[in-house]
Amino acid sequence: MAEPILEVSGLVKHYPLTRGVLFKKQIGAVKAVDGVDFTLAQGETLGIVGESGCGKSTVARLLCGLERPTAGTITFKGEDITRLSGKALKAVRRNIQMVFQDPYTSLNPRMTVGDIIGEPYDIHPEAAPKGDRRRRVQELLDVVGLDPEYINRYPHQFSGGQRQRIGIARGLALRPEIIVADEPVSALDVSIQAQVVNLLARLQTEFDLSYLFIAHDLSIVRHISDRVAVMYLGRIVETGRDSEIYDHPTHPYTQALLSAVPVPDPDAREHRERIILTGDVPSPADIPSGCRFRTRCWKAQERCVVEVPALAVPAAFRDAAGPAAHPSACHFAEEKQVVPPEESRLNGNGPG
Ligand SMILES: Nc1ncnc2c1ncn2[C@@H]1O[C@H](COP(=O)(O)OP(=O)(O)OP(=O)(O)O)[C@@H](O)[C@H]1O
Ligand SMILES: [Mg+2]
């Protein structure tokens with residue numbers, strides 16, 4: 001594989017937990033991101049999946065330079081951007097842009113579409129000469145499949161899917177190399193989701209973009225991701241190429257997430273194993289010792305209480321080099337078929 005465009009190493013974001021107003025006393029920390037490593041290759045899409053509160057948006061904000069990490073490095077094209085400030089940081093930020101989850105709240109209702117999409121040029125005036133902006137915004141509208149004539153309209157005049165296209169156009173305004181899409185379709189109707197995912201896929205090829213695509217649901221990222229990382233309580237617990245994760249998951253958490261993905265085929269539905277996780281996700285301010293998933297895991301043993309499992313290819317699969325040989329942070333990783341094969345999932349009609 002070519003040199004990664006982005007390399008994240010030991011990324012940590014802890015928010016101090018304080019008591020008192022006048023004499024703020026730190027009583028702990030919310031460990032939103034607690035040691036995350038991954039790479040992103042040029043032109044690749046990495047899907048990041050996990051339940052609410054596992055730290056996905058925090059990772060996104062750190063990558064886009066909207067927040068500073070507590071520890072760790074974010075290397076963009078060979079340069080650690082967490083050490084940059086001022087002009088140098090601003091210049092790098094241009095290259096990593098975010099598309100937000102909710103197109104209803106992320107677009108200012110009092111601004112025209114033209115002003116919204118052109119807003120990045122206010123922050124980076126060097127990116128577009130003033131006289132050129134309108135033309136650029138119209139071109140961006142066209143690129144995301146909206147009529148350039150809409151430039152003077154307001155967000156409320158658009159549907160959810162169209163609004164997300166506006167958000168995507170804004171993300172593209174500075175011609176970034178990386179797009180961090182934080183649940184870009186979660187707020188949209190299911191019927192619209194595929195259209196927006198397809199648009200993102202087309203733009204990726206057209207502009208040679210690298211994507212970090214964040215989602216709750218493993219079924220959404222499958223269509224767009226080359227690789228997937230599954231997060232739990234601030235850490236990646238399993239990562240691999242999408243066929244490895246979907247068809248040969250070895251971490252119990254991934255297996256449970258996959259078993260919750262709806263299967264249209266009634267026959268396949270009947271034959272698969274369904275794993276229901278018990279209990280709630282622990283608070284990121286009070287992370288369990290050892291394996292952080294152990295409090296909800298049906299396989300947990302004494303070892304899991306005391307020993308943190310490393311994110312590495314499990315010994316059992318190391319020599320086989322098969323699809324199960326991908327990093328998984330479980331002491332008792334094993335392959336488990338929890339979803340029916342691809343064919344039965346895609347043609348939703350079932351047998352006969
Ligand atoms: N500024 C902050 N101060 C304190 N805690 C925070 C802050 N931002 C996030 N958190 C906490 O960090 C944890 C991770 O939050 P984050 O928004 O990254 O999760 P997420 O995976 O994006 O969740 P969701 O799927 O709901 O969007 C949560 O427990 C959240 O409450
Ligand atoms: Mg989020």
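Since every read-out is calculated from the coordinates, none of them should be taken as a lab result. These numbers were taken from a predicted model, which means no experiment stands behind them. As a convention, Cβ positions derive from the backbone with ideal geometry for all residues, glycine included, and neighbour counts pool all protein chains shown.
Listing for the model above:
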| quantity | calculated |
| --- | --- |
| Rough spin-label spacing in nm, given labels placed 7 Å along Cα→Cβ, for V306 and R83 | 4.0 nm |
| Unit charges at the beta carbon, dipole of the chain: most positive-side option, Q193, L6, T45 | L6 |
| Amide H partners (placed H, <5 Å) of G240, local residues excluded | V228 |
| Residues of type aspartates and glutamates that K299 reaches as a straight line, Cα spacing below 12 Å, ignoring anything fewer than 8 places off in the same chain | E334 |
| Percent RCO, i.e. relative contact order, over the stretch 196-312, from Cα pairs under 8 Å lying at least 6 residues apart | 17 percent |
| Amide H partners (placed H, <5 Å) of I5, local residues excluded | L40, A41, Q42 |
| Helical segments meeting 20 Å axial Cα length and Kyte-Doolittle 0.0 threshold in the chain (DSSP H) | 190-207 |
| Linear extension gain, S52 paired with S191, 0.36 nm per residue minus alpha-carbon span | 47.8 nm |
| Rg(Cα) / (2.2 N^0.38 Å) computed for the chain, rounded to two decimals | 1.05 |
| Among 11-17, 240-246, the order from most to least packed when residues are scored by Cβ within 10 Å on average | 240-246, 11-17 |
| Cross-link table K13/K90; K56/K336; K24/K90, entries beyond 23 Å C-alpha to C-alpha | K56/K336; K24/K90 |
| 5 angstrom amide H check on V313, placed H, neighbours 5+ away | S328 |
| Anchor K130: aspartates and glutamates whose Cα lies under 17 Å away (excluding residues fewer than 8 positions away in-chain) | D115, E119, D122, E139 |
| Top of F293, F158, F76 by mean-square fluctuation, Gaussian network on the chain, Cα under 10 Å | F158 |
| Projected area, mean over directions - the stretch 23-137, Cα convex hull, nm² | 10.9 nm² |
| Relative contact order %, the chain, counting alpha carbon pairs below 8 Å whose residues are six or more apart | 18 percent |
